Amino acid sequence: MVKQIYSERANIKLLEAKQAMDESGEDEISVRLDQAKFHNELDLHGLSVKSAVRATEEALSFWWDSEISYRERRNANMKLVRAQAGDFRVITGRGLHSAGGQSKIKGSVNKFLRVGGFTFKDDGGAFIVTGKKRS
């Protein structure tokens, strides 16, 4: 009975700690997204894989929406694949400090970019997103 009570208390404390970490992570992601909007660059160092992919999705969504607006203002060809307003750099790191020397974030972001139809090149510790394929 006593073990069960302590076990339940420990689980509650663990859940509270995870929630606090998630909330502080949200603030960090928000700051990085604000910076990305002005610099066409997003640094994912220190984020969890889940947070990194979500931040990439949000940043690229804003970037591509801005690209479409840019084209509309200039009556540019909407069928172009390559971005006219500039490339977007997603910094994942090379994974040198990760377990096994492989970046988990890089692999997950690579998959997101491919599935999302983005055109990009691998630049070592970053991806240079150059546009989006037509759907």
Check: Ser7 versus (1) within 10 Å of the chain's Cα centre (by Cα); (2) at pLDDT below 85; (3) polar (S, T, N, Q): which is the lone unmet condition?
Finding: (1)
Item checked: Wholly enclosed strands (runs of 3 or more DSSP E) of the range 38-135 bearing at least 2 residues closer than 19 Å to Glu28 by Cβ and under 12 Å from the mean Cα position of the chain (by Cα) -> 41-43, 88-91
Check: (1) charged (D, E, K, R); (2) free of Cβ contacts under 8 Å to residues at least 12 places away in the same chain; (3) surrounded by 14 or more Cβ atoms within 10 Å (Cβ to Cβ): which one isn't true of Asp43, the others all being true?
Finding: (2)
Next item on the list: Report yes if some residue within the range 74-86 is surrounded by 17 or more Cβ atoms within 10 Å (Cβ to Cβ) and of a type in the set (Val, Ile, Thr); otherwise report no.
Entry: no
Next item on the list: Can you run down the residue pairs with Cβ atoms below 7 Å, 6 or more apart or on separate chains, where the first is in the range 93-115 and free of Cβ contacts under 8 Å to residues at least 40 places away in the same chain and the partner is surrounded by fewer than 11 Cβ atoms within 10 Å (Cβ to Cβ) and not acidic (Asp, Glu)?
Entry: Arg94/Gly124; Gly95/Gly101
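The values are calculated or read from the model by the stated rules, or taken from the named source; none is laboratory data. All values reported here derive from a predicted model rather than from experimental measurement. Cβ coordinates were reconstructed from backbone atoms using ideal geometry, including for glycine residues, and neighbour counts include every protein chain displayed.
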